[in-house]
Structure formats: structure tokens, C-alpha cells
Number of protein chains: 2
Amino acid sequence: MSPPTRPLQQLWETLNQASKNLEAADFALLQEALTHTSSGLKPHHEQLEFLGDAVLRLTASEFIASAYPQMPVGERSSLRSQLVSDRWLAELGSTIEIERWWRIGPKASGDSTAAATIRAELSEALIGALYRINGLTAVQQWLTPHWQRSAEAVLSDPHRGNCKSALQEWSQGEGVGLPTYRSEEMSQRHGDLRRFRCRVTLPPRIKAEGWGRSRREAEQQAARAALNQLTGS
Amino acid sequence: MSPPTRPLQQLWETLNQASKNLEAADFALLQEALTHTSSGLKPHHEQLEFLGDAVLRLTASEFIASAYPQMPVGERSSLRSQLVSDRWLAELGSTIEIERWWRIGPKASGDSTAAATIRAELSEALIGALYRINGLTAVQQWLTPHWQRSAEAVLSDPHRGNCKSALQEWSQGEGVGLPTYRSEEMSQRHGDLRRFRCRVTLPPRIKAEGWGRSRREAEQQAARAALNQLTGS
């Protein structure tokens, strides 16, 4: 493991204003989080990503409980799923310019879809590393401003991110029957943001498609595209 | 809210050996966790269940990292899914005899399927309450012995809980084609342990069924029943 480098020190300052003096072991954890499996280097991000996933879920739950104490559980659950989504994590990665610090393989570097997935994976690993270094509170402090922005955006969206329900409500209101979703698995790679393609049709005029890591996500994206067609028309 | 009662004090001692003196607010949290929505009383368990779900996932991840530091991430993920499952939570509820303390509705009391679901839901809420009262470490201490037993059982199971894969491997080895799964949604109630029924067939002799909260769980249970037929024959 190379010695603590200046870029990682900068990242640390970006992540956390804590006065804790970072030790070599802490830099090693950050380095581990930022080393993608595709680089062929070890130790790589996987174990910290696995931990980060659970840390993210708990700290997001705490954020919602504290920011929206009156929110019913069904809405909390729907909001949380968006505040821990791969989409959200990929955006976080963009915001902190994670690509300035990451170590990824040459194949992954040339592919923008792969880059979004890697951004999400390494951001999650970084959450795991920060938790290991400085505990839940540090993660909470780091992520809260990001969640505040995202939660406001989600809650001001009339569909609340549930585009399938919104499309169904619209179609029932119009009396044009129900939309039909057809999904296809386009890649076998777990975590691929373009693993599933979904096509939604609603005769006579709606025909749209969406992509996602899961069938469900692809359906939501297809419904979102359909709703955009409606708004545009 | 009624004053702290002796049964709750006993529960507290069962859960936690910590020397912390419980305050009225802590008893109120335990009471909230043990009050099921079906009782019609408020505050009920829902918000603590939502929190407990995330606490459970994080503490289970920590347990696995510490008990099985060499385990690859794929296996960690599969083991974790079993250590946080509704089935596991319902067993935990049985072990601590949660029905001695819970408050549930009269309809729910008469139905054994509903009872398993409620056991799981309230156990998860109890995890949320314990976390609020005494933090992550207390939850970890409480659950670790339960996880140790479950993890040993899972890891000594030759199918590692993935019965669908095991059945498929067997059928391919025998050259008898692939098993066919047919699932049906039998109830609309979210969380119902008998929401989906799945029938698996593998001519000429295998025919079995399973139930679950999700299509996936029902399929796994059907595959498990099929494997049991094979072992029995």
C-alpha cells in the first residue's frame, strides 16, 4: 500500500470536517474503497461496498425520521428507496468528483455506462470506509446536505418517483385501459445500469422504453419516459 | 401510555444485560414496538419496524464481517439475506416468546399465518427500539448468539439456502430437463407469508409446492420441498 497521498487527504477534507487525525490505516481504507475490482488491484472495494450498503440504509432512515417526523411509513419507505438508489449514489460520486481518486480498469474507463455503475459502487464503498474510520455520525454529517437536496426534489415531483402508479392513474382517468410492460434482460452483469430494458405501450399513442439494473427500475424508467411523452404532447 | 410494567422489565432483561437504568421513555419505546397496528392502538410498531429493518441489516453485516472475515462478498450477501429474513425474524420472535408482551388485534390473534408475520414485524420493531434506547452495540450483543446458531445452520446446509440452484444442478446432472415453476398470487396482503404459492414440477416424478411473501421465496420453498422429496426417496 502506498503512503497517504495528497489527493486522498483532499478527499478526506471534502468528506469530513472532523478533527480526528487520520492514521495510515484510515488512508488505507479510503484507498481500498476507491480501488475498483476492474483494476485487478487488491484489496478492492467490494467488502466496503457491502458494508456501505447497510450503513447508507440506516443513516438514510435516520435522516428521514429526523427531517420528516410526521411522514407516514409508506412514504418514508418510498423516499428511502430513492435516497439509497444506485442513481443517487452515482450522482453523489459525480458531485464529489470521485473519478479524480478512483483506480479502475482500462476497459471500464472507456465506457460511460460502466462509469456510472462504478461511481455508484465506489461511493457506497466510501460510505463503508467512512463508517469504519469515524462511525455513523460522520456518515450522517457528510450525507445530510446531499439528502436534503434530493429529498426536496423527490417530494416536489408530482409522481413522487412512482411513475408506474402515476401512468396507471392517468390511463384509468382517460379510460384507455392499462399500460403493458415488456421487459427483457439485456446483460447478465449484476449491477449493470442497462441490464434490463422495458418497453411500455398504451394504445393508441404511448410507446416508450426505459433501462435499469432491475426489471422494476426499467419499468419505472419506461413509465417516466411515457409520462414525459404525455407532458410533451 | 401506561406506566412501565413488570413484563416489559423482564423483556428488557432478556434482551439486554446493559447496566443502563431504563427510563419511562425507554419503556414507552418498547411498548410502541410491541403494539401492532392491528390492535388499533397508537403509537404502533410501524416506524420502529422501518428503522429496525436498517439496523438489522447493518448489524448483520458487521456480524458476518467479524465472524467470517475470509468469506467472499457473494457468500456474505447470501448469508446476510438469511440472517435478516422474515423467517429469521419470526423465529427470533418465537425464541423470545414475543407473544407474551405483544398487543395485537382480535382478528390477527386467531390466525397462525398472521401470527408468524406479526412475530417478524414486531421483532424488527423491537430491534429498532433497542437501537434507539441503547445504540448499535446493544443490538449487536443481543443478536449475535442468535446469528451464530443460524449462520452455522445455514453454512452446514449443502444447498446454502439456494434450493432452486441445487434442484437445477441435480436435474441437469440427471439429464431430466429443467424444473418448471408456476407461481400464483393467493393474497393481496403485503407481508403475508402465504401471499404467493408456487408449484414446481420436474417429470416424471417431482411435484411439490411452496409458499412465501414473494414469488422468489415461494419458488425457493417449492424447490426445497422438491429436494426433500428427492432425499426421502
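Quick note: the coordinates plus some simple rules give every number you see, no bench work behind them. Given the structure is predicted, the values throughout are model-derived calculations rather than measurements. Note that we place each Cβ from the backbone using ideal geometry, even for glycine, and neighbour counts take in every protein chain shown.
Between residue A:141 and residue B:141, what FRET efficiency follows from the Cβ-Cβ distance if R0 is 25 Å, with the result rounded to 0.05?
With R0 = 25 Å, the Cβ-Cβ based efficiency is 0.45.
Tell me, what HN-Hα J-couplings in whole Hz come from the Karplus equation 6.51 cos²θ - 1.76 cosθ + 1.60 at θ = phi - 60° for each residue of segment A:41-58, using x for Gly and Pro?
Each residue of segment A:41-58 in turn: 8, 9, x, 10, 5, 4, 5, 6, 5, 4, 5, x, 3, 6, 5, 4, 5, 5 Hz.
Got a sec? How would A:127, B:104 order by Cβ neighbour count within 10 Å, fewest to most? Display every interim value, and only then the final one.
Details: A:127 27, B:104 23.
Lowest count first: B:104, A:127.
What nm distances, shortest first, do you get from the label point of residue B:136 to those in the other copies when the point sits 7 angstrom along Cα to Cβ?
List, nearest first: 0.7 nm.
In sequence order, what are the phi-derived ³J(HN,Hα) couplings for segment A:105-114 according to the Karplus relation 6.51 cos²θ - 1.76 cosθ + 1.60 with θ = phi - 60°, rounded to whole Hz, with x for glycine and proline?
x, x, 5, 4, 4, x, 10, 6, 5, 4
Other chains' Cβ within 10 Å of B:57-70 residues: what's the mean?
Average per residue, whole number: 3.
With the Cα gyration tensor of segment A:163-232 in hand, convert its eigenvalues to equivalent ellipsoid semi-axes via √(5λ) and list them largest first in whole Å.
Gyration-tensor ellipsoid for segment A:163-232: 23, 10, 9 Å.
Which distances in nm, rounded to one decimal and ordered from shortest, link the label point of residue B:173 to the equivalent label points in the other identical copies, with labels set 7 Å from Cα toward Cβ?
The projected label point of residue B:173 is separated from its counterparts by 5.7 nm.
Quick one: 3J(HN,Hα) in Hz for segment B:179-188, Karplus 6.51/-1.76/1.60 with θ = phi - 60°, rounded, Gly and Pro as x.
Computed from phi, the couplings for segment B:179-188 are x, 10, 10, 10, 10, 9, 8, 9, 8, 9 Hz.
If neighbour count is taken as other Cβ atoms inside 10 Å, put A:131, B:68 in order from fewest to most.
On the way: A:131 25, B:68 14.
With the sparsest Cβ surroundings first, the list reads B:68, A:131.
May I ask which residue of chain A has the beta-carbon nearest to the axis carrying chain A onto chain B, and at what distance in whole Å?
A:58, 2
Could I get the Rg over Rh figure for segment A:121-188? Both from C-alpha atoms, Rh via Kirkwood, rounded to two places.
When Rh is taken as the Kirkwood radius, the ratio is 1.22.
Any chance you could tell me what percent of the C-alpha pair distances in segment A:78-233 go past 18 Å?
I get 65 percent for the Cα pairs in segment A:78-233 exceeding 18 Å.
Given a Förster distance of 45 Å, report the FRET efficiency between residue A:107 and residue B:41 from their Cβ-Cβ distance, rounded to the nearest 0.05.
Calculated value: 0.20.
Please state the relative contact order of segment A:6-156 as a whole percent: Cα pairs under 8 Å, 6+ residues apart?
35 percent
I need two numbers for the protein assembly as shown: Rg to one decimal and Dmax as a whole number, Cα atoms only, in Å.
Cα radius of gyration and Dmax of the protein assembly as shown are 23.8, 69 Å respectively.
Given 0.36 nm per residue, what is the gain on full extension from residue A:228 to residue A:9 after removing their alpha carbon distance, in nm?
Fully extending the segment from residue A:228 to residue A:9 adds 74.5 nm.
Treat each spin label as a single point 7 Å out from the Cα along the C-beta direction, and report the residue A:66 to residue A:188 distance in nm.
Label-label distance for residue A:66 and residue A:188, simple model: 4.5 nm.
Can you tell me the 0 to 90 degree angle between the C-alpha axis of helix B:163-174 and the longest principal axis of chain B, rounded to 10?
Helix B:163-174 sits roughly 10 degrees off the main axis of chain B.
Assign unit charges at the C-beta atoms only (+1 for Lys and Arg, -1 for Asp and Glu), then state the dipole size of segment B:163-232 relative to its Cα centre in Debye, rounded to the nearest 20.
The dipole magnitude comes to about 240 debye.
Can you tell which of B:125, B:138, B:33 shows the greatest fluctuation in a Gaussian network model of chain B with Cα springs below 10 Å?
B:138
Please compute, for peptide A:39-52, the average count of beta-carbon atoms on other protein chains lying within 10 Å of each residue's beta-carbon.
2
Would you be so kind as to identify which of B:30, B:60, B:43 lies farthest towards the positive end of the dipole of segment B:21-70, taking Lys and Arg as +1 and Asp and Glu as -1 on Cβ and the Cα centre as origin?
Checking the options against the dipole of segment B:21-70, the answer is B:60.
Would you mind checking the tilt of helix A:215-232 against the longest principal axis of the Cα atoms of chain A, expressed as 0 to 90 degrees and rounded to 10?
60 degrees
Given H placed 1.01 Å from N in the peptide plane, which residues other than close sequence neighbours of residue A:192 have an amide H under 5 Å from its amide H?
Here the answer is none, since no amide H 5 or more places off falls under 5 Å of that of residue A:192.
Give me, ordered by chain and number, the residues 5 or more places off residue A:212 or on other chains with an amide H under 5 Å from its own placed amide H.
Sorted by chain and number, the residues that satisfy this are A:195, A:196, A:218.
Most mobile of A:195, A:213, A:100 per a Gaussian network model of chain A (Cα springs, under 10 Å)?
Result for chain A, Cα springs under 10 Å: A:100 fluctuates most.
Using a Gaussian network model of chain B with C-alpha springs under 10 Å, which one of B:15, B:48, B:89 is most mobile by mean-square fluctuation?
Among B:15, B:48, B:89, the largest GNM mean-square fluctuation belongs to B:15.
How large is the charge dipole for the protein assembly as shown, taken about the Cα centre, if only the Cβ atoms of Lys, Arg (+1) and Asp, Glu (-1) carry charge, to the nearest 20 debye? The partial results should precede the final answer.
Details: 54 positive and 52 negative charges, 213 e Å.
The calculation lands at about 1020 debye.
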